1. Only one of these is surrounded by 13 or more Cβ atoms within 10 Å (Cβ to Cβ) and at pLDDT below 95: ARG23, ARG46. Name it.
2. Taking the stated definitions as given, is LEU106 at pLDDT 95 or above and over 18 Å from SER147 (Cα atoms)?
3. Return the residue satisfying two criteria in turn: it lies in segment 176-186 and is assigned to a loop (DSSP other than H, G, I, E, B) and under 14 Å from CYS224 (Cα atoms), and of such residues it is farthest from the ligand (Cβ to nearest atom).
4. So for segment 246-256 (the condition being at pLDDT 95 or above, within 16 Å of the ligand (Cβ to nearest atom), among the aromatic types (Phe, Trp, Tyr) and in contact with a strand residue (DSSP E or B) (Cβ under 8 Å, 6 or more places away or on another chain)), does at least one residue qualify?
5. For segment 136-172: of the residues being within 14 Å of the ligand (Cβ to nearest atom) and small (Gly, Ala, Ser), which is modelled with the lowest pLDDT?
6. Please find, within segment 14-28, the residue that is nearest to the chain's Cα centre (by Cα) out of those that are within 22 Å of ALA222 (Cβ to Cβ) and not hydrophobic (A, V, I, L, M, F, W, C).
7. Which one is nearest to the ligand (Cβ to nearest atom) among residues in segment 78-135 that are farther than 13 Å from VAL158 by Cβ and aliphatic (A, V, I, L, M)?
8. Since ALA268 meets every condition but one in (1) within 16 Å of the ligand (Cβ to nearest atom); (2) out of contact with any Phe, Trp or Tyr (no Cβ under 8 Å at 6 or more places or on another chain), which condition does it not meet?
Amino acid sequence: MALFLMTDPAHYEVCYQINPWMRPTTWREDRDACLAGAKAASGALRAALKAIGAQVETVEAARGLPDLVFPANAAVVLDGRVLLARFRHPERQGEEAIFRSAFCKLKTRGVIDEIVDLPEDLFHEGAGDAIWDQGRQLFWAGYGPRSSKGALAVLKDVFGREVVPLELASERYYHLDTCFCPLTGGEVLYYPPAFTEAALAEIRARVPEELRIEATDADAEAFCVNAVNVGRTIVMAKAPPALRARLEARGYDVREVDLAPFILSGGAAYCMTLRLDRTSQPAAASIAAE
Ligand code: ARG
């Protein structure tokens, strides 16, 4: 069964700007309504995950750390091993201690086995920039705006799996999970303008054309590439109908959740969660286990 980490949104807000999507002014104009909307949206995402049989662990909210609601950035997790993140921006660095203590508690309970630190001179923003591809048994690893290229060698050392480097070309698509989503059927939903030519060549070398689903500007701007895929279900923010139809034509069950209050901070379904039960078992076995 899939197991996710989410954060209580009680202290969520948009009060600084570290990516071009963040709208502190919009938030300030109607703080109470925005927070109420965020709580509802987070609850709806949690309900959508539970409806597909997933379990959710919760990190408590912390005042002054609004982006704690994006636990995908907390760590990379595979086979019970947790590689803790180091954030590029000072605004988010206070989250490191909170997530560390959350993982320590999960370790005490036997939910995870091991916690590993990143060397001090490197930045890495967790599963937002290191996406496990179950079918291909590799990490797709974004770098540039947030994560250091040097952290990719650490990923390889810590997890012992292939790491495919994908340089991100734009500040708007600053984490890999905003523009790249491998699906259980072997397809990859991705937004080509977010990548350098070298990164596109890496993707095209590994994913045959019939499995490449190119997101449009509208799909990417709606944060629909930032999706959670469990088995044949994909949970995502409100989707352009054409994207929904393309995914349904490939046999996916698309569940939309209104995540507008989190898009105001540059995040949506994938980054509001962190999958804790990922294992490097062959795809067939793990899809059955989902
Ligand atoms: N405001 C957050 C930031 O800029 C949003 C993070 C979204 N996370 C993600 N993995 N895309 O860091």
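The values are calculated or read from the model by the stated rules, or taken from the named source; none is laboratory data. Bear in mind that the values here come from a model prediction, so they are computed numbers and not experimental data. Heads up, the Cβs are rebuilt from the backbone with ideal geometry, glycines too, and the neighbour counts pull from every protein chain shown.
1. Step by step, each of ARG23, ARG46 is checked, and only ARG23 is surrounded by 13 or more Cβ atoms within 10 Å (Cβ to Cβ) and at pLDDT below 95.
2. yes
3. Let us first name the residues in segment 176-186 that are assigned to a loop (DSSP other than H, G, I, E, B), namely 179, 183-186.
Imposing the further condition that a residue be under 14 Å from CYS224 (Cα atoms) reduces the set to 179, 183.
Details: CYS179: 9, LEU183: 18 Å.
Once the filter is applied, the top-ranked residue is LEU183.
4. no
5. Once the filter is applied, the top-ranked residue is SER170.
6. As a first pass, look at segment 14-28 and keep what is within 22 Å of ALA222 (Cβ to Cβ): 14, 17-27.
If we keep only those that are not hydrophobic (A, V, I, L, M, F, W, C) as well, we get 17, 19-20, 23-26.
Details: GLN17: 19, ASN19: 16, PRO20: 18, ARG23: 20, PRO24: 22, THR25: 25, THR26: 24 Å.
Of everything passing the filter in segment 14-28, ASN19 is nearest to the chain's Cα centre (by Cα).
7. For segment 78-135, the residue satisfying everything is ALA127.
8. So the condition that ALA268 fails would be (2).
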